[in-house]
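S.K.: Pasting in a structure now, in structure tokens, and then I'll have a few things to ask.
Nothing in this text is a laboratory measurement; each read-out follows from the coordinates by a stated rule. It should be emphasised that the depicted structure is a prediction, and the values quoted were computed from it without experimental measurement. For neighbour counting, all protein chains shown are included, and Cβ atoms are generated from backbone atoms with ideal geometry for every residue, glycine included.
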Amino acid sequence: MACTIGKFIVIFLTVQFWCGVVSGGSCGEAKLCCTGRDSSCVVQKAPINAINEDLSDKPCYCDHACLKLGDCCPDFKDACGVVDCQVTPWGPWSSCDADCGPGTMFRSRSIRMQPQNGGRHCPSLEQRRSCEVSTCFHHPDPAIKEIALLLPGALSQTRKTNATSDIRKNLNVRNPSRNPQYDPQKTYCMEFEVLKASKACRKEPDYKTLKEGEKVCIYCESEALHETLGWRCQGHGVEGRVTRWSALSAPHCHGKWLRARGEVDRTCEDRTCKDPDASFIFV
């Protein structure tokens, strides 16, 4: 009977060796290192038929799938040359990208070592967070806050059109010609570079030239001069600063622009303003 039991133990240990099942809990000692998912690439820490009384007695694996399943042997990475991605510490946060009000700041880090042999992938290398600038610089020129209201150049009083076609006749605004300080010779025109235009402008035939990168001419006619603004048109912008515009007859068409010339121009009507499709008027 004892001999029979002895033979069974020898056969069992031989089967264990052939199947790649060895005791010890170490991939290095077991000389196991398998690619992909291989359930036979396992190290038994206790006899296979034993009753596990401790979690440490459970088998561990030496295949690369154990990295995701979390059941690798303690020395798997060292024994199989697995290297996780290594990154540098986070750099400092950048300054807020807004001059005033809400904005964004970011920080970054770089890769110190690329992952090898199925190691952990590199994490995100950039982080962003919101910020708020409370120490705002207020431009002394109030025109920086104005929104230019536009109408197509075809409605200009300088064109040979019926006077009733001018939409401004129906705005019920003051008649500047009754003011003794009113001077119709103060009319002028200005060129702007469109920096941003809403997609709705493309669907409006009268405003289709208002697209990013284009230069347009805006004419300040006598009916649009405002006494409270020093006899100028509302929204004619500030030199070197971005301001906003909006189409009066199509408010869903709006955007931002930059004044192309520092001073007002009284001769640009001979250039861009001459073309009704490329010119507009202030309201």
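S.K.: Cβ neighbours within 10 Å, averaged per peptide: list 29-42, 209-222 in order, most packed at the top. Before the final figure, lay out the partial values.
M.R.: Values: 29-42: 15.9, 209-222: 19.3.
The packing order, highest mean first, is 209-222, 29-42.
S.K.: Highest mean first, what order results for 82-92, 195-205, 236-246, 146-156 on Cβ atoms within 10 Å?
M.R.: On the way: 82-92: 12.9, 195-205: 14.7, 236-246: 17.0, 146-156: 20.2.
So the order, starting with the most tightly packed, is 146-156, 236-246, 195-205, 82-92.
S.K.: I've got another one for you. Please order TRP93, TRP257 by the number of other Cβ within 10 Å, starting at the fewest. List each step's numbers first, then the result.
M.R.: Details: TRP93 14, TRP257 25.
With the sparsest Cβ surroundings first, the list reads TRP93, TRP257.
S.K.: Using only the Cα atoms of the range 86-133, build the gyration tensor, take square roots of its eigenvalues as a ≥ b ≥ c, and label the shape rounded, prolate or oblate: rounded if a/c is under 1.5, else prolate if a/b is larger than b/c, else oblate. Display every interim value, and only then the final one.
M.R.: Details: a/c = 6.08, a/b = 3.44, b/c = 1.77.
Cα axes put the range 86-133 in the prolate bin.
S.K.: Could you list the residues of the range 106-128 with an amide nitrogen less than 18 Å from a label point located 7 Å from the Cα of VAL87 in the Cα-to-C-beta direction?
M.R.: Answer for this model: 106-116, 119-128.
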